[in-house]
1. What strands (runs of 3 or more DSSP E) completely inside the range 334-449 contain at least 3 residues that are under 30 Å from residue 516 (Cα atoms)?
2. Quickly run through the range 180-209 and pick out the residues that are assigned to a loop (DSSP other than H, G, I, E, B) and loosely packed, with under 15 Cβ neighbours inside 10 Å.
3. Does residue 106 satisfy being β-branched (Val, Ile, Thr), outside the structural domain of residue 558 (by TED's automatic domain parsing) and more than 28 Å from the chain's Cα centre (by Cα)?
4. Any chance you could count how many residues in the range 223-253 are assigned to a strand (DSSP E or B), in contact (Cβ under 8 Å) with a residue 40 or more places away in the chain and in contact with a Leu (Cβ under 9 Å, 6 or more places away or on another chain)?
5. Could you tell me how many of the residues in the range 152-168 are assigned to a helix (DSSP H, G or I) and of a type outside the set (Asp, Glu)?
6. When you check residue 527 against the structure, is it part of a helix (DSSP H, G or I), aromatic (Phe, Trp, Tyr) and at pLDDT 95 or above, yes or no?
7. Please name all residue pairs, on different chains or six or more residues apart, with Cβ atoms under 8 Å, provided the first residue is in the range 439-456 and is without any contact (Cβ under 8 Å) to a residue 40 or more places away in the chain and the second residue is part of a helix (DSSP H, G or I) and of a type outside the set (Gly, Ala, Ser).
8. Can you go through 345, 337 and tell me which one is among the charged types (D, E, K, R), in contact with a helix residue (DSSP H, G or I) (Cβ under 6 Å, 6 or more places away or on another chain) and surrounded by 19 or more Cβ atoms within 10 Å (Cβ to Cβ)?
Amino acid sequence: MIRVPVIVAAILLAACTAQPSSTRMNAPSDGTAAPAASMVDQNRTLVIAVRSEATSLASKPLVGTAFNVTPTEIFNAGLAVKDEKGVARPYLIEALPLLNTDTWRVSPDGRMETTQRLKPDVVWQDGEPLTANDFIFAWQLYAIPELGVANTSPITEVAEVLAPDARTIVIRWKRPFPDAATLEGRDFQPLPRHILEAPLRDLSPEAFSAHPFWSTEYIGLGPYRLDRTEPGAFLEAAAFDRYVLGRPKISRIRVSYISDPNTVLANLLAGTVHVALSNALPFQQSTVLKREWAGRAAGGVQPSASISSPIRRTETQLHPERVAPGSRPLLDVRVRKALAHTVDKQALNDGVFDGEGVMADTPVPYPLDYFQLVDQAITKYPFDVRRAEQLMNEAGLSKGPDGFYTGPLGRFTPGINVIAGPQNESGMAIMANTWRNAGFDFTESVLPAAQARDNGFRVLFPSMASTDGGVIEMLGASGMPTADNRWNGNNRASWINPEFETLLDGWNTTLDQTARIQRMVGMAKVYSDDLPSTPVWYVLNVTAYTADVRGPHHEADEIHLWEFR
């Protein structure tokens, strides 16, 4: 665990080297609040730190990324938008469709039709009007199998998209789809037909996916327009004057890619970075920042989770052809349960989060209003070494003279890997040490960030991997990475459970909310019993900001309303 003196000692050096002089800001040396707006230059650039560079700025990219990266809501807008608790409101449209009205019709055979009306005078960031045809084009594009997202929801559920006129979008659905009225950009975003139609026609799928539109030449509908990029270093963006919710209050932003959390911390303390998003400042460093800023009104630190926040979980390789010979006992659920009983979550909380973390027993987000129903139904695995030994013995493994488990196939030698990062590595070390003390001969490995970007490589882990995974509805068979979907998906364990798939299908098609929640409770119960992964903690994304910034709450939500004074 990183201690305060080590971090503070590096602050001056890191702060002097992390940002080019052209973007360095002067901050009050005593940590007090910044001067009033009338005393500062209104054209200053707000500097935002994120952990790594996005491979695509689209809300629904063609190629997945391995990390929390640039918040794409800076550049995009969708039909609807949800807050961190899942409450939806209209975004590009005048009103959300309402079930059993002319805006949301359900046929006796289960097919549906939703009708949505675009707000007037919405334009792309190059000035071209947004029309319903851009949604037709986007659906047709996303449905192309070779582009890798044709098997994702809701693309798989859509039968047809129509445009009765330039502002009216009619979506015809193959079957009931309960989220039809609340489609965010990450679900189904419009795409500029006037820019992408020719490249889609003329280029191969690989060349089209690599087209600069997705990165350095991106045109969206969000509050900021991409202005300049420096690959591997930063991007700059200008306020979009014709943004659908009104021109942002801050004229310019710079998004800097800073992978080292200590450097992010140093720059926040020095005032050369004003906001940290997308896990650029992990929980450990955030506690240091709070202590440094305490009592000085120097800034704010807000850890938070949302309904889409990832859950840290230790997944188990269940693909028979990928699991290493010494790890084959992992295919037995009793062995997986024994390992779960020897995850000391209190030790993890104390060692990684100074006792302030939120530990997890299920890959279901706790901000959901029905979380208590899930929590009461699932099977839990409290720390219990004796119960773990019983389960191992039932699975045919026992401790040898050296104290480690062995079985008919020889020594059980599982391994665990994580993506490089202080918090990841600290958590892995605590878990592996506890497992070894309980008789499991564990090895540890760290994936460099560059290697971890390769989704195809990450699927091939031979034993166990600790990862920030998706929410439970993303962990079924449809979320399994394959060559056909270009290795996109969160079910890297290759887990398939028929009962879970039936419940997941019901979750995806049940319109009645009460009945739908029961499907979720059932999914969580099945998952906890079969245990393809062990949930460990909820990832709290830390939003940190200096005192001269007003408005940040959760990630880049409502960034157009932020103020920089």
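The values are calculated or read from the model by the stated rules, or taken from the named source; none is laboratory data. These numbers come from a predicted model, not from an experiment. All Cβ positions, glycine included, derive from the backbone under ideal geometry; neighbour counts span all protein chains shown.
1. Details: elements: 405-407, 415-419, 443-447.
Passing ranges: none, list empty.
2. 203, 204
3. Details: β-branched (Val, Ile, Thr): yes; outside the structural domain of residue 558 (by TED's automatic domain parsing): yes; more than 28 Å from the chain's Cα centre (by Cα): yes.
Yes, satisfied.
4. 6
5. Quick first cut of the range 152-168, residues assigned to a helix (DSSP H, G or I) only: 155-157.
Those still in the list that are of a type outside the set (Asp, Glu) too: 155-156.
Of the residues in the range 152-168, 2 are assigned to a helix (DSSP H, G or I) and of a type outside the set (Asp, Glu).
6. Values: part of a helix (DSSP H, G or I): yes; aromatic (Phe, Trp, Tyr): yes; at pLDDT 95 or above: yes.
So residue 527 passes the test.
7. Correct list of pairs: 442/435; 442/436; 444/428; 446/424; 446/425; 446/428; 447/458; 451/457.
8. That would be 337, the only listed residue that is among the charged types (D, E, K, R), in contact with a helix residue (DSSP H, G or I) (Cβ under 6 Å, 6 or more places away or on another chain) and surrounded by 19 or more Cβ atoms within 10 Å (Cβ to Cβ).
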